[in-house]
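One structure below.
The values are calculated or read from the model by the stated rules, or taken from the named source; none is laboratory data. Everything numeric in this text was worked out from a predicted model, so none of it was measured. Every residue, glycine as well, gets a Cβ built from its backbone with ideal geometry; the counts of neighbours run over all protein chains shown. Just so you know, the surface numbers come from the protein's heavy atoms only, side chains and all, with ligands and any DNA or RNA stripped out. Shrake-Rupley method; radii C 1.70, N 1.55, O 1.52, S 1.80 Å.
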Number of protein chains: 2
Amino acid sequence: MGDVFKALADPTRRYILDELAERDDQTLFEICVRLTGKYQLTSSRQAISQHLELLEAAGLVRTRREGRYKFHTLDTRPLEQIAERWIRNKPQENP
Amino acid sequence: MGDVFKALADPTRRYILDELAERDDQTLFEICVRLTGKYQLTSSRQAISQHLELLEAAGLVRTRREGRYKFHTLDTRPLEQIAERWIRNKPQENP
DNA sequence: TTGATAGGCAAGTGGTTACTTGCCTATAGT
DNA sequence: ACTATAGGCAAGTAACCACTTGCCTATCAA
């Protein structure tokens with residue numbers, strides 16, 4: 001659960017999620033092109049790649065290999081429980 | 001909005017929110033005692049104090065002065081919109 | 001096979017951040 | 001007044017994180 005919050009803590013990663021929310025099944029290069037075009041982000045391919053790794057580790061992005069392409073898809077399930085933790089007065093363990 | 005995510009990215013701060021969700025209007029010392037007792041956290045008073053500052057800046061905690069006491073209260077309103085951003089396919093700007 | 005494309009690996013760097021340490025202010029009790 | 005309590009301020013440290021750099025692997029098209 002902490003991984004999800006850490007993943008969301010970075011603005012570039014939130015832009016990536018925005019992009020994937022608009023269009024699923026994008027490759028790393030597609031994401032790079034669209035991020036720089038749409039939000040004037042200057043991040044390199046490797047930077048985006050590392051962000052995607054982290055997002056996948058947090059369960060927010062799922063990937064699918066096809067030949068030399070790797071497609072990335074947004075998985076919103078971890079987000080659907082986030083706010084629940086403190087709102088309904090029911091703290092859990094973890095961090 | 002990024003401040004909220006950054007605030008939630010730290011496990012100690014999430015414990016603090018847990019604690020405030022259980023009981024509102026706690027002072028810094030109360031929070032310290034309960035955190036160390038309940039979760040075996042070893043953080044010092046100053047560490048917790050700095051976390052509370054950050055949580056207040058993120059809008060997740062509201063404070064109230066009373067004599068030499070400062071009471072801290074959980075404000076869940078920023079949490080109530082968090083998950084909405086990507087779930088309903090409507091990216092916003094920000095970061 | 002050659003070259004181009006899509007992506008991965010790993011070490012290094014600069015800035016951020018969580019935490020400590022030491023001292024200071026203010027309120028309250030005696 | 002004196003002491004203890006609740007909290008604040010600020011500099012320093014160590015770990016972490018985002019990002020770069022350079023090179024490598026794998027797939028596909030010609």
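Laid out as a table, the results:
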quantity	calculated
Mean ellipticity per residue at 222 nm, deg cm²/dmol - from DSSP H runs of n ≥ 4 across chain A, formula -39500 (n - 2.57)	-14500 deg cm²/dmol
Pseudo-label separations to other copies for A:THR12 - Cα-to-Cβ vector, 7 Å, nm	2.7
Rounded percent of accessible protein surface that carbon and sulfur make up, segment B:13-70, 1.4 Å probe	46 percent
Where rotation carries B onto A, the chain B residue whose Cβ is nearest that axis, in whole Å	B:ALA9, 2
Per-pair calculated FRET efficiency, R0 = 35 Å: B:GLN81 and A:ARG62 via Cβ, rounded to 0.05	0.90
Accessible area buried, both sides summed, chains A and B with 1.4 Å probe, Å²	2500 Å²
Shortest-first distances to equivalent copies, position A:THR73, nm, label 7 Å out along Cβ	4.5
Label 7 Å beyond Cα on the Cβ vector: B:ARG45 copy-to-copy distances, nm	5.5
Members of segment A:72-87 that become less accessible by 20 Å² or more once partner protein chains are added (1.4 angstrom probe, chain alone as reference)	A:THR76, A:LEU79, A:GLU80, A:ILE82, A:ALA83, A:ARG85, A:TRP86, A:ILE87
Candidates per trypsin sites (Lys or Arg not before Pro) in segment B:1-61, loop by DSSP, up to 15 other Cβ within 10 Å	B:ARG23
Column: log10 I(q)/I(0), Debye, Cα scatterers of segment A:2-83, q = 0.24, 0.26 Å⁻¹	-1.21, -1.40
Chain B - accessible surface per residue (Å², probe 1.4 Å)	55 Å²
